[in-house]
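First up is the structure itself, then whatever we jot down about it.
The values are calculated or read from the model by the stated rules, or taken from the named source; none is laboratory data. None of these values were measured; they are calculated from a predicted model. Glycine gets a Cβ as well: all are built from the backbone with ideal geometry, and neighbour counts include every protein chain shown. When the accessible area is computed, the model is the full protein with side chains, heavy atoms only, and any ligands, DNA or RNA have been set aside. Shrake-Rupley method; radii C 1.70, N 1.55, O 1.52, S 1.80 Å.
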Amino acid sequence: VCVLLHECGHIQIFENKGTLNMTDSKSQWSETSRKYKASILIEEVEAWRRGINLSKKLKLSIDIDTIKLNMINAILKYAKWC
């Protein structure tokens, strides 16, 4: 459920052309550059934030701390990749 909420956050970013949609910026940089990787990290955090907001909006019974723990674990993997 946590990952699904996160993926819904990505959909919201792309559909709404949100300010943290990094798609256009990423195309400027090599996939191995630190700027590209940082843009991925920014977008991932935003997708998690939107997923948390969606769970609240839908009044899901999932514990927010559980979502946050999943977020932290995922972001740590990305941070290690950066």
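Which residues, taken from segment 54-82, are free of Cβ contacts under 8 Å to residues at least 12 places away in the same chain, part of a helix (DSSP H, G or I) and closer than 16 Å to Gly9 by Cα?
Lys56, Lys57, Ile72
Considering only residues that are open to solvent by less than 30 Å² (accessible area, probe 1.4 Å) and of a type in the set (Ser, Thr, Tyr), look in segment 39-82 and name the one that is modelled with the highest pLDDT.
Ser55
Tell me yes or no: at least one residue of segment 16-37 is among the aliphatic types (A, V, I, L, M), modelled with pLDDT of 85 or more and either out of contact with any His (no Cβ under 9 Å at 6 or more places or on another chain) or not in a helix (DSSP H, G or I) (or both).
No; the residues of segment 16-37 include none that is among the aliphatic types (A, V, I, L, M), modelled with pLDDT of 85 or more and either out of contact with any His (no Cβ under 9 Å at 6 or more places or on another chain) or not in a helix (DSSP H, G or I) (or both).
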